[in-house]
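The values are calculated or read from the model by the stated rules, or taken from the named source; none is laboratory data. Predicted model only: the values in this text are computed from it and were never measured. Every residue, glycine among them, receives a Cβ derived from its backbone with ideal geometry; neighbour counts consider all protein chains shown.
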Amino acid sequence: MSEKEDFYSVLGVSKGATEKEIKKSYKKAAMQHHPDRNQGDKGAEEKFKSIQEAYGILSDPQKRAAYDQYGHRAFQGGGGGGGGFNGGFSDFGDIFEGVFGGAFGDMFGGGSQRSNRPKRGKDIPYQMDLTFDQAVFGHKTEISLPRTEECNTCGGRGAVNREDVESCPICKGQGQIHRSQGIFSVATTCHHCHGGGKIIKKPCHKCHGKGESRKTSKLAVTIPAGVDEGFRIKLRGEGEAGANGGPKGDLYLIIRVEEHEFFERDGLNIYLSQPISFPQAALGCNLKVPTMTGFVKLSIPAGTDSGQRFRIRGEGVSDVHGRSKGDQIVEIKVMTPKKLDARQKELLKEFSDLAGDDTATQDFFGKVSEKVKDFFG
Ligand SMILES: [Zn+2]
Ligand SMILES: [Zn+2]
């Protein structure tokens, strides 16, 4: 018999590792070697099993203490060898739910359905890409959703006739066999029914006894006006089929919004950067400013600076409940003329002479030098 690897080195932690460190290393190792990510790789599957086994022991303070004292001997039963200790986890799905919580388990999709207890179907995350306008005004569309659905020929039973499904005689429908190993009682998956707890004598011809099938369904969805990047919309009961009569999971539409060519959004307000010329800024002007619904008039007073903001009330986004509405904020950007002909230059020089050079700059330097004088006395 080959020497069994030390549980601490399986998880890549030191003997004195804290519970937190063990859990962290376990998550990382389990993710890396999870069978769903390494399909058909026997080595990864074995590695995943030993990671589970090691974590099953080291995460339990009592078992860990026993292991620290006696090593692997603490868990070797009278039977010798055999399938080995599997930490009492019935399958990969359970362990991910147990350790990471439901949301994480969902990442790996279906998982195997062990034991004949009713089990709720998995939730499905679905990325919903919207244009800026669709997010602001709402959107109706149809999505194609691949998901597991209950077989409609056998109603999820796996056999057309009720009499063709029997409870497993070996595990009495439990899907697991409990036995003593060393000083602990250990559960292993029943090999007769592969953990399903039932034996199907005459499998349904459509789903081959699985009770479910993978299908791509068309689903009409309505996105309310006002959604934004990262919003999640829950569609109850539109997730994966449940097992053994359990309820369906939910579908989550996760909203992603494309950028707009010139509008930007912050919550319910919409921002627009509006370029104007230097004379327009100096003399004031009336603008026609684009909004999400058309154009509105905006009057810019004389002497407006670059970066100054103007608010157009009610031209923002409605919140998803339709209770309030944001504004459009117009930020002025004064453009400095780049190409000047001789006449334009002449006029600007004349303007500059009349204004006594650049008064704004003079004022600024005047203030700064006052401050500097004060400081040095
Ligand atoms: Zn069984
Ligand atoms: Zn069927």
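Scan the stretch 244-271 for residues that are closer than 13 Å to residue 326 by Cβ and not in a loop (DSSP other than H, G, I, E, B) and jot them down.
Start the filter on the stretch 244-271 by keeping residues that are closer than 13 Å to residue 326 by Cβ, which leaves 263-271.
Matches in the stretch 244-271: 263, 264, 265, 266, 269, 270, 271.
I'd like to verify a number: residues in the stretch 15-61 that are among the β-branched types (Val, Ile, Thr) and either part of a loop (DSSP other than H, G, I, E, B) or exposed (fewer than 15 other Cβ atoms within 10 Å of the Cβ) (or both), how many? Give the derivation first.
Keep residues of the stretch 15-61 that are among the β-branched types (Val, Ile, Thr), which gives 18, 22, 51, 57.
Filter again for either part of a loop (DSSP other than H, G, I, E, B) or exposed (fewer than 15 other Cβ atoms within 10 Å of the Cβ) (or both), leaving 18.
Total meeting the criteria: 1.
Surrounded by 14 or more Cβ atoms within 10 Å (Cβ to Cβ), hydroxyl-bearing (Ser, Thr, Tyr) and either modelled with pLDDT of 90 or more or within 16 Å of ligand 2 (Cβ to nearest atom) (or both): does that describe residue 217? Break it down into steps so the answer makes sense when it comes.
Working: surrounded by 14 or more Cβ atoms within 10 Å (Cβ to Cβ): no; hydroxyl-bearing (Ser, Thr, Tyr): yes; either modelled with pLDDT of 90 or more or within 16 Å of ligand 2 (Cβ to nearest atom) (or both): yes.
It is false that residue 217 is surrounded by 14 or more Cβ atoms within 10 Å (Cβ to Cβ), hydroxyl-bearing (Ser, Thr, Tyr) and either modelled with pLDDT of 90 or more or within 16 Å of ligand 2 (Cβ to nearest atom) (or both).
Which ones in the stretch 126-142 are in a strand (DSSP E or B) and surrounded by 14 or more Cβ atoms within 10 Å (Cβ to Cβ)?
If we filter the stretch 126-142 for residues that are in a strand (DSSP E or B), which is where we start, we get 126-130, 139-142.
Once the filter is applied, which keeps residues that are in a strand (DSSP E or B) and surrounded by 14 or more Cβ atoms within 10 Å (Cβ to Cβ), the stretch 126-142 yields 126, 128, 130, 139.
Select, from 156, 182, 209, the only residue that is modelled with pLDDT under 90, within 16 Å of ligand 1 (Cβ to nearest atom) and not aromatic (Phe, Trp, Tyr).
209
Could you list all residues from the stretch 288-334 that are of a type in the set (A, V, I, L, M), in a loop (DSSP other than H, G, I, E, B) and more than 31 Å from the chain's Cα centre (by Cα)?
Within the stretch 288-334, the subset of a type in the set (A, V, I, L, M) is 289, 292, 296, 298, 300, 302, 312, 317, 320, 329-330, 332, 334.
Narrowing further to those that are in a loop (DSSP other than H, G, I, E, B): 292, 302, 317, 320.
Within the stretch 288-334, just 302 meets the criteria.
So which of 212, 229 ends up being among the charged types (D, E, K, R), within 16 Å of ligand 2 (Cβ to nearest atom) and either touching a residue at least 12 places away in the same chain (Cβ under 8 Å) or assigned by TED's automatic domain parsing to the domain that holds residue 53 (or both)? Full working, then the answer.
Numbers: 229 fails: within 16 Å of ligand 2 (Cβ to nearest atom).
Of the residues listed, the single one that is among the charged types (D, E, K, R), within 16 Å of ligand 2 (Cβ to nearest atom) and either touching a residue at least 12 places away in the same chain (Cβ under 8 Å) or assigned by TED's automatic domain parsing to the domain that holds residue 53 (or both) is 212.
Would it be correct to say that residue 338 is in contact with a Leu (Cβ under 9 Å, 6 or more places away or on another chain) and not assigned by TED's automatic domain parsing to the domain that holds residue 229? Give the derivation first.
Details: in contact with a Leu (Cβ under 9 Å, 6 or more places away or on another chain): no; not assigned by TED's automatic domain parsing to the domain that holds residue 229: yes.
No, not satisfied.
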